[in-house]
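The values are calculated or read from the model by the stated rules, or taken from the named source; none is laboratory data. The structure presented is a predicted model; accordingly, all values stated were derived computationally and were not measured. Neighbour counts run over all protein chains shown; Cβ positions are idealised from the backbone, glycine included. Heads up: the accessible areas ignore ligands, DNA and RNA and are worked out on the full protein's heavy atoms, side chains in. Shrake-Rupley method; radii C 1.70, N 1.55, O 1.52, S 1.80 Å.
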Amino acid sequence: MADWQEAIPIRTGLTLTEMRGSDRDVLVEYLNDPEIYASTLRIPSPYKPSDAEKYLAILARDSAKLGFPTNFAIRDVNGKLIGGCGFEGLVVGHRAEIGYWVARPFWGQGIATAVVRTACEHAFAQWKLVRIAGLVFAFNPA
């Protein structure tokens, strides 16, 4: 398994990185959107600073335990958090489930499609997965 890299390029101006403690306020801002809540399975509503702190602590613990992150921040050209993507139930060499969200100001730009493609390529190459599952919502034609 390759060492963790600082950023995974998605396309011009977009990268995947680890989530950071400094992302807390942006997480709270974006994840309080009712449409984000309605189109995800594990994000509480309302999303409070304590939810962000708990989430970031879990990610840090899991990354330390595994030696690499399985959840990533989607960042714009300025390094600002605009979404998230992660893998649950990872069994290295076998399977994982992918989940993701993109903040509403960035919808309709093909970001989620590019993120999922890049994240899956990373997961297949680095973790030698043979299966990645992703749940979809029937109301979301994209």
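Would you pick out the residues in the stretch 28-57 that are more than 14 Å from residue 99 (Cβ to Cβ), open to solvent by less than 30 Å² (accessible area, probe 1.4 Å) and part of a helix (DSSP H, G or I)? Those that are more than 14 Å from residue 99 (Cβ to Cβ), open to solvent by less than 30 Å² (accessible area, probe 1.4 Å) and part of a helix (DSSP H, G or I): 28, 30, 52, 56.
Looking at 93, 89, 79, 99, which one is under 22 Å from residue 24 (Cβ atoms) and either part of a loop (DSSP other than H, G, I, E, B) or over 12 Å from the mean Cα position of the chain (by Cα) (or both)? Break it down stepwise before answering.
Values: 93 fails: under 22 Å from residue 24 (Cβ atoms); 89 fails: under 22 Å from residue 24 (Cβ atoms); 99 fails: either part of a loop (DSSP other than H, G, I, E, B) or over 12 Å from the mean Cα position of the chain (by Cα) (or both).
Being under 22 Å from residue 24 (Cβ atoms) and either part of a loop (DSSP other than H, G, I, E, B) or over 12 Å from the mean Cα position of the chain (by Cα) (or both) holds for just one of 93, 89, 79, 99, which is 79.
Buried (at least 19 other Cβ atoms within 10 Å of the Cβ) and among the β-branched types (Val, Ile, Thr), is that true of residue 82? So residue 82 passes the test.
Among the residues of the stretch 108-139 satisfying the criterion of being of a type in the set (Phe, Trp, Tyr) and surrounded by 13 or more Cβ atoms within 10 Å (Cβ to Cβ), which is farthest from residue 12 (Cα to Cα)?
The initial filter retains those residues of the stretch 108-139 that are of a type in the set (Phe, Trp, Tyr), namely 124, 127, 137, 139.
Next cut, surrounded by 13 or more Cβ atoms within 10 Å (Cβ to Cβ) only: 124, 127.
Working: 124: 22, 127: 25 Å.
Taking the candidates together, the pick is 127.
Filtered by the rule that a residue be assigned to a strand (DSSP E or B) and under 17 Å from residue 37 (Cα atoms), the stretch 102-133 gives a lone residue, 102. A count restricted to the stretch 58-79 and to residues that are open to solvent by 20 Å² or more (accessible area, probe 1.4 Å) and among the basic types (Lys, Arg) stands at 2.
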